[in-house]
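Heads up, the thing below is written out as structure tokens.
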Amino acid sequence: MLKLIGSFRPTAAALLRTASAAQPSARLSTGPQQEQRTFYEFRTYSIRPDQNAAFHKLTNEKIHLRTAHSELIGYWSVEYGGLNQVFHIWKYDSYAQRAGVRAALAQDPSWISEYISKALPMLTSQDNEVTYMVPWSRLKNPPQEGGVYELVTFQMRPGGPAVWGSAFQASMTSHDAPGYGTLLGAFHSEFGLLNRVHALWWFESADHRAEIRHKAHTDARVVAAVRNSVVHLDSQRNQLMFPCSFSPMK
């Protein structure tokens, strides 16, 4: 009897064929497939404290040399959550475009002599990160000029959007839909630390942010959505930023 059962044991290849036939559309994936080629480069520069004012003045005067090569989304000075720092976002349609831009800048004598050669000694560090918009988010402009911006960075636990994507979306929309801030865009990292997502918010003022954040903490829907999302969270950083005078987002 034992010999008879052994003779009908399916082979590994047969099992694989059966599984494939039963699940023809199965994919090895950790989240939604990236459909957009457009990506956003996040750049953070740390400035020598004694050169902060000089750096801002120089950048205000010479930023046109840089924006002649590619699109600037926004340029901010960090007020809370990081001293003597600037944060800026650049848009690219492809990696080939970015490579072309960097090559052109390296050959641009005005950019090198009038800006880079003067700006670099003012900096203590530079950091960049490539991000994409999350599938359910679209980049928006603020409803009016003169407000403040908050960049909230979430370091999620490994696993990708398949694990935490829905909970993160619910947490963001629970704040955005009732008006507890205006969500301008949600981004996920591609190069840099992985499992990182960013939310860019706009508020009328820092005091307005404090007021509506207090209200959000008493909203049962917000509390529930945050509770479901925070179980996937390793760390979080909040930075309040003011737009520079030359920033497209003001």
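Here are the numbers:
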| read-out | value |
| --- | --- |
| Check on residue 168, aromatic (Phe, Trp, Tyr) and either assigned to a loop (DSSP other than H, G, I, E, B) or under 23 Å from residue 86 (Cα atoms) (or both) | no |
| Cβ pairs under 6 Å, 6+ apart, first in segment 29-45 and modelled with pLDDT of 95 or more, second surrounded by 12 or more Cβ atoms within 10 Å (Cβ to Cβ) and in a loop (DSSP other than H, G, I, E, B) | 38/93 |
| Residues satisfying the stated conditions in segment 55-88, i.e. among the polar types (S, T, N, Q) and touching a residue at least 12 places away in the same chain (Cβ under 8 Å) | 59, 60, 70, 77, 84, 85 |
| Selection count where residues are under 30 Å from residue 238 (Cβ atoms), out of contact with any Leu (no Cβ under 7 Å at 6 or more places or on another chain) and outside any helix (DSSP H, G or I), scope segment 89-112 | 3 |
| Candidates 241, 172, filtered to the one that is without any contact (Cβ under 8 Å) to a residue 40 or more places away in the chain, under 28 Å from residue 128 (Cβ atoms) and among the aliphatic types (A, V, I, L, M) | 172 |
| Number of the condition not met by residue 185 [criteria: (1) part of a strand (DSSP E or B); (2) without any contact (Cβ under 8 Å) to a residue 24 or more places away in the chain] | (2) |
| Residue within segment 54-72 that is within 24 Å of residue 132 (Cβ to Cβ), in a loop (DSSP other than H, G, I, E, B) and either aliphatic (A, V, I, L, M) or modelled with pLDDT of 95 or more (or both) present | yes |
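The values are calculated or read from the model by the stated rules, or taken from the named source; none is laboratory data. Keep in mind that this is a model prediction, so the values were computed, not measured. FYI the Cβ positions are ideal-geometry reconstructions off the backbone, even for glycines, and counts take in every protein chain you see.
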